[in-house]
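Here the structure is laid out as C-alpha cells; the discussion comes afterwards.
Bear in mind these aren't lab numbers, they're just calculated from the coordinates by the rules spelled out. It should be emphasised that the depicted structure is a prediction, and the values quoted were computed from it without experimental measurement. Note: ideal-geometry Cβ built from the backbone for every residue, glycine included; neighbour counts use all protein chains shown.
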Amino acid sequence: MHRRELLKRLGVLQLASLSGQLLAAPSAPAKLLLVFLRGGYDAASLLIPTSSDFYYDSRPKIAIPRPSNDLNSAIALSGDWGLHPVLRDSIYPLFTQRQVTFIPFAGTDNLSRSHFETQDSMELGQGGGGHRDFRSGFLNRLAGVLNNASPMSFTDQLPLVFQGPAQVPNTALRSIGKPALDMRQSNLIASMYKNTPIGRQVEEGFSMRNEVAREMAGEMEAANRNAINAKGFEVEARRVARLMRDKYSLGFIDVGGWDTHVGQGAATGYLAGRFDELGRGLAALAQEMGPEWRNTVVVVVSEFGRTFRENGNRGTDHGHGTVFWILGGSVNGGRIAGEQVRVDAASLFQNRDYPVLNEYRAVLAGLFERVYGLSPSQLEQIFPGAKARQLGIV
C-alpha cells in the first residue's frame, strides 16, 4: 500500500486539509465601501421620527413634515419613521427594493462631541480607554485579516482608518462644486431691494449671513479634513464604482459639509441639498457597479449626530447618537434595524441627544462576520474587546 493511500484511510489527509482551512484567512469576494460623513450630520432630518410629537415640538423651524401628499413631507418608511423627501428618487427606490437598511441610535461611546476626537476614535476602532495606536486603523486591520482584499482609499491623504502595516494606496478623485450663492451675488440681490420697504431687512439679512459664514467657515473646513464636498460626490461616486467594480474590493471615501450649526433648513435648504447630492451619488454608485452591486456593501457613517432640539440659529449643535446607512444588492433592506427606543424627552441622552444603543464596533463586527465569514479571533484582531452583534443586515 502506498503511504498516501494509508494516510487517506487513516483520515490524516482530511484532517490536515480541514486544519488548513480553519487556520487560513478568508478570501474577500465581497466589496465593501465605507463612506464617512465628516462634520456630524443631522440624522433626525434624514430618518425622521414621524410618530413623535416631541420631535415636532423640539424643532418648530426645521422639522420635516409628517408624511402626506405634499412632496415636501417625509416619505413613510414605517409607522414610526420617515425619510427626507429629497431622497424620493434616489435612496427611496433602493429602500423599496430592500437594498437599504437604516440603523438609528448608532454611534460610539466617545462623549467628547469633538469632531477630531470622535473621528479619530471611530477610525481607530480600538475601543475606549487604554493606549491608542494611531498607526492602526480598523480597515487596515480588516485588510490584514483578508486574503486578496485589494484596498484603496479614495482620498487626498491616507486616512487614519487605513493606517497600519497593510499597504494601502490612496488616490483623490476630487470634483468640488461652487457655493450656491457667493458674496458678489448676495450684494447684487441686496442692491435690487435698496430703497424699497424691505431693503434694510434684506441688507441686514445678508450681512448677518456673511458674518456667520465667516465665523463658521474655519470650523467647517477643519471638521471636513479635506473631504470632498457633497456637491462633487455624484461624479466621484461613479469613478469610485468603476474602480471598485474592476479592481478594488475594500474602499474608503469621506464627504464633508455636515456641520450645520446655522440655517440648516428643513425639507429644503442647505442640509436638504447635501442629502440630495449624497443620495444621487449613492444611487449612481449602485447603478455604475452593475452586476457587482449584488456583491457590494456600502456603509455610511458619521462621527456623531446633532442635538435633538434646534438651536437659536435654526441649526443644530454637536450631539451623540446618529443613523448609519447600509446599502447593497444583497442587503436585507427595506427596514429599520437595531435596538430602538421611543423618541421623547425621557429617552434623550443628557437631555439633548439621541442615545447610542447600537455601538458601531459591535455593529460592524457583526457585519464583517457575515460578509467575510470571520472567526471570533479574527474579529478580535479588527475590533479588540468588541462583541459582534448580528442585526440581520446581510
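First select every other residue whose beta carbon is under 12 angstrom from the beta carbon of residue 279; then total the charges, Lys and Arg +1, Asp and Glu -1. Overall, the nearby charge balance is -1. Summarising the label geometry, the points placed 7 Å from Cα in the beta-carbon direction at residue 187 and residue 51 lie 5.4 nm from one another.
What percent does the relative contact order of the range 254-354 come to when contacts are Cα pairs within less than 8 Å and at least six residues apart? Write out the running numbers ahead of the final one.
Details: 123 pairs, mean separation 28.0, N = 101.
After rounding, I find 28 percent.
When 42, 246, 109, 120 are sorted by how many other C-beta atoms sit within 10 angstrom of their C-beta, beginning with the fewest, the order is 246, 109, 120, 42. Ordering 233, 324 by the number of other Cβ atoms within 10 Å of each residue's own Cβ, fewest first, gives 324, 233.
In this simple spin-label model, placing a label point 7 Å from the Cα along the Cα-to-Cβ direction at both residue 330 and residue 344 gives a separation of 4.2 nm. Taking the number of Cβ atoms within 10 Å of each Cβ as an exposure proxy, the fewest-first ranking of 66, 314, 306 is 66, 314, 306.
Cα-based Rg of the range 320-394 per 2.2 N^0.38 Å, rounded to two decimals?
Numbers: Rg = 14.1 Å, N = 75, 2.2 N^0.38 = 11.3 Å.
Its radius of gyration relative to the 2.2 N^0.38 Å reference: 1.24.
Extension gain, residue 117-residue 96: 0.36 nm per intervening residue step, less the Cα-Cα distance, totals 3.9 nm. Net charge dipole, the range 262-394: roughly 200 debye, given to the nearest 20, about the Cα centre with Cβ charges of +1 for Lys and Arg and -1 for Asp and Glu. When only C-alpha pairs under 8 Å and at least 6 residues apart count, what is the relative contact order of the range 52-148, in percent? After rounding, I find 11 percent. Measuring nothing but alpha carbons in the range 304-354 and taking Rh as the Kirkwood radius, the Rg to Rh ratio lands at 1.08. Annotation: amide H of residue 262 within the under-5 Å range of 316, sequence separation 5 or more or interchain, hydrogens built in the peptide plane. The local environment of residue 75, defined by Cβ-Cβ distances under 15 Å, has a net charge of -1 under the rule Lys, Arg +1 and Asp, Glu -1.
The simple spin-label model puts a point 7 Å past each Cα toward its Cβ; for residue 246 and residue 157 those points are separated by 3.0 nm. In order along the range 34-41, the Karplus-derived 3J(HN,Hα) couplings, from 6.51 cos²θ - 1.76 cosθ + 1.60 at θ = phi - 60°, round to 9, 10, 9, 8, 7, x, x, 7 Hz, and Gly and Pro are given as x. The amide H of residue 83, built 1.01 Å from its N in the peptide plane, has 48, 75, 76, 77 as neighbours under 5 Å, considering only residues 5 or more places off or on other chains.
Local charge sum around residue 99 (other residues, Cβ-Cβ under 12 Å, Lys/Arg +1, Asp/Glu -1)?
On the way: positive: 98, 294, 335; negative: none.
Summing Lys/Arg as +1 and Asp/Glu as -1 gives +3.
Applied to the range 286-303, the Karplus parametrisation 6.51 cos²θ - 1.76 cosθ + 1.60 on θ = phi - 60° returns per-residue 3J(HN,Hα) values of 4, 5, 5, 5, x, x, 5, 4, 5, 9, 10, 10, 10, 10, 10, 10, 9, 5 Hz, with x for Gly and Pro. Could you tell me the distance between the Cα centroids of the range 241-298 and the range 323-394, to the nearest Å? Using only Cα atoms to place each centre, the spacing works out to 20 Å.
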